[in-house]
1. So, of the residues in region A:244-282 that are facing another protein chain (nearest Cβ under 10 Å) and of a type in the set (Lys, Arg), which turns out to be surrounded by the fewest Cβ atoms within 10 Å (Cβ to Cβ)?
2. Scan region A:84-112 and report the pairs whose first residue is at the interface with chain B (Cβ under 10 Å from one of its Cβ atoms) and free of Cβ contacts under 8 Å to residues at least 40 places away in the same chain and whose second residue is of a type in the set (Lys, Arg) and surrounded by 24 or more Cβ atoms within 10 Å (Cβ to Cβ), with Cβ atoms within less than 7 Å and a gap of 6+ or a chain change.
3. Could you look through region B:73-92, keep only residues that are at pLDDT 95 or above and of a type in the set (A, V, I, L, M, F, W, C), and pick out the one that is nearest to the chain's Cα centre (by Cα)?
4. I'm checking my understanding of the structure. Among residues of region B:139-185 that are closer than 16 Å to B:Arg29 by Cα and more than 33 Å from the chain's Cα centre (by Cα), which one is surrounded by the fewest Cβ atoms within 10 Å (Cβ to Cβ)?
5. Among the candidates B:Gly221, B:Gly195, B:Gly211, single out the residue that is more than 11 Å from chain A (Cβ to nearest Cβ) and crowded, with 24+ Cβ neighbours inside 10 Å.
6. On the given criteria, is B:Ala203 in contact with a strand residue (DSSP E or B) (Cβ under 6 Å, 6 or more places away or on another chain) and either within 30 Å of B:Ala114 (Cβ to Cβ) or more than 14 Å from chain A (Cβ to nearest Cβ) (or both)?
7. Name every residue in region B:255-302 that is of a type in the set (A, V, I, L, M, F, W, C), in a loop (DSSP other than H, G, I, E, B) and either within 11 Å of another protein chain (Cβ to nearest Cβ) or crowded, with 20+ Cβ neighbours inside 10 Å (or both), in order of residue number.
8. In region A:187-231, how many are touching a Gly at 6+ places or on another chain (Cβ under 6 Å) and either aromatic (Phe, Trp, Tyr) or crowded, with 19+ Cβ neighbours inside 10 Å (or both)?
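The values are calculated or read from the model by the stated rules, or taken from the named source; none is laboratory data. As the structure is a computational prediction, the values presented were derived from the model and not from experiment. For neighbour counting, all protein chains shown are included, and Cβ atoms are generated from backbone atoms with ideal geometry for every residue, glycine included.
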Amino acid sequence: MPTIQDYSNNFENKWCPGCGNFGIQQAMKKAFVAQNLSPHELLIISGIGQAGKTPHFLECNFMHTLHGRALAVASGAKLANHELNVVVNSGDGDCYGEGGNHFIHAIRRNLDLTLLVHNNQIYGLTKGQASPTTEEEMITSIQSHGVLNRPIRPLAVALSLGAGFVARGFSGQPKELSQLIQAGMDYKGFSLIDILQPCVSFNHLNTMAWYKERIVDVTSLEHDTQDHQAAFQLAMEWDERIPTGILFQQDEDDFTTRNPWLQDGPMLHRKYEAEKIRDYIDGLYK
Amino acid sequence: MATDLTVKIGGEAGQGIQTVGDLLCRVCRQAGYFFLAINDHESRVRGGHNFLQLRISDSPVLAPASQVDLLVDLDGITCEQHGDELKDNGLILCRPEQQPERDGVLAVDFTQLAEKAGDKATENTVAVAVCVALLGAGEELCRNVVAQFFARRDDLKEINLKAVQAGFACVSESGLKGWDLAWEEQQPGGALLNGAKTLALGAVAAGCRVGAFYPMSPATGIMAQLVQLAEHFPMVVEQAEDELAAVNMVTGSNFAGCRALTATSGGGFALMTEGMGLAAITETPLVIINAQRPGPATGLPTRTGQGDLLFTLHASQDEFPRFVLAPSTVADCFDTIQRAFHLADTYQVPVVVLVDHYLVSTSMLVSERLEVSPDAAPKAPPEPPDDPATYERFALTENGISPRLFPCQSQALVKATGNEHTPDGHVSEGRQNRNAMVEKRLAKLPAMKKEQRPPLLYHEEAEWLLVSWGSSYGMVREAVDILREQEFDIGMVHLVDMWPLPQEPLQGILSQHKWLLVEQNATGQLGWMLRAELGVEPQGSIFQYDGRPLEVERVVKQAAARIGG
């Protein structure tokens, strides 16, 4: 049985003290152990930003890729070997900004992978510019008269695209978050977990206390997770009350199940047959 | 007398002149003739003026010809646009209402004959039959080819055979004398292929299992061929949301252990440069086909050029080793793409295969046998170390190549990052480590250079040489033949492996001969490379950048003028 310790390494952690990423990291480790996965059975693909560094601070296979492109790399890995357990770590800027197109189409594609978006509503790595989820009117070093653009509502976007597993977690509740990650990994298909987290260095509006005042677990709302319309309404809620937990979950065939070319096992394990190729070429000369 | 005839068929987009060309190619193949067909079309789905030009010969065809023997006008403007290309003894085939005043015209009411055969849609088959009849072939041959073409659709087969009959009857009633070629059905002397097909087939031969792409002319045909091959071989092809996704998907597939391919054109390749850098620094094999078309930006979407050589050489920020390969012929595409996969894996570097619209879309009889290379099969990853914890994906080695394991296939953890990193794959900003990693990646170069095929040489002892690269091989070679017939002492040096530049015997030859650069761009990008790498200067240059296939006649004229003067 794997243990939490198996997922620890001694690579120097570079997050700020008090960063919400620690809670997410803790929840991930717990979830992987609960999934009975050893580090060598897990592949993490991450983007760029503080979230993108996550796999360096865990023991696992990983590729820490480019800004916005984690989902594309992860999708390619799954095309090659759909038996891989793939988790993607991304951030609000990485996933909803630079990688917005990949986010949209990864949902449509519905490959069996779990996307964790570390959403601190700010750019941390580049020191405090507005992200796609930063509140309107918030003042930053660049948005010096306040943010003019409306924030994206990622869960509503996902729901509108037909996502089958849409959840919101909170880094201040690692236990609940861990359960969400497990549910996401259990789900056969694309699972989105948008994770609210404070940025202690650059976001002085959406603090730990700000989130704690607003979040409410959907299980306390008598919400039917198969009710798409109700999920959509919850996904649009924000200022007064922020629902967390699984907003929507519905089984449907994932990419691999639907793809006629993947029915004979992962491409990685398919045999190379030179004779078959030669025979095919022979046919062209007849 | 040697046979060398050119048929040009002009029509609107959507009229099906590609089918006419395809059927004529099949007739030629069935009769043992060599041929080469080029497509010239505008970037539109309907209307406009497109043409297909087919050269037929009893010896291998290297290039399209500029003079036309039989001009087929299906759109009413072909005669006007291409009349000056018609030889004096050439024939015109057109619709009755568009009949030009001259001898040697056969007006055919294609629509009426097609409707009589059972469907207006068989107009193209009528046109094929009339062409074949004028070229002197028997109806039986034409019937057999058409029957085979529609073998899976009995209803279509029947009416198309009637259309063949109508076409032949029309020619015999007209009394017009065409050509008297020796048409006899025989064992085909080769395969009917285009560059798109040989590239896709070569990828399959190399064990490519994943394709990801975003549609872009002229590269889409390559992926379409890959999709067709996926019906016969293990392969998954995914249409990505953009080229950024496509290139990163194939990097993800390669990282996971599967050979993967993407194909695009200049604009898409510009987007892929970011992902190319990720593959480079994570030392993940990557094969990209860049099917060039003229730019910048959207440029001429459906036309050809060689404007991306230097871009490809320098694509993506900072420095890293890469291969740039530019196959010379439709058959060479098959060998080159197999090598691309082999080299990408062996050296864990990006490989760009530079082709262009001309090479991808030109159909021809390939008489040489396509051989699956002994190096084609993907190799299994090395054994992980006894203690998996000691595995380092980027271990420093003398030749710069580190053992590449696949994630989740052993106890050893595979860690990679687009940041500069330590040998075990963790982010590092250390100065010594940075130097060591840059030097490790570049340490691959000496061995990479040795992999490069020398340029193709033809009469390289001559006083003058034409120096060219990639898809223009056939045209330049034909130009050399014509110039030699005109008693010019001329040969050619043709590069196919562009980068790393194979220095010998290039340096020796180019510094000891007078030479002219022949390129399909406006500034001489190969010339720039040769000057920078070898310090050699041409005595002149022949550039064509109008988006059309390189014209043999232009090369001949300009070379003769330069040498003669």
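1. Across region A:244-282, the extreme among qualifying residues is A:Lys271.
2. These pairs meet every condition: A:His102/A:Arg69.
3. By that ranking, first place goes to B:Leu86.
4. Taking the candidates together, the pick is B:Glu140.
5. B:Gly195
6. No, not satisfied.
7. Within region B:255-302, just B:Cys258 meets the criteria.
8. The qualifying residues number 9.
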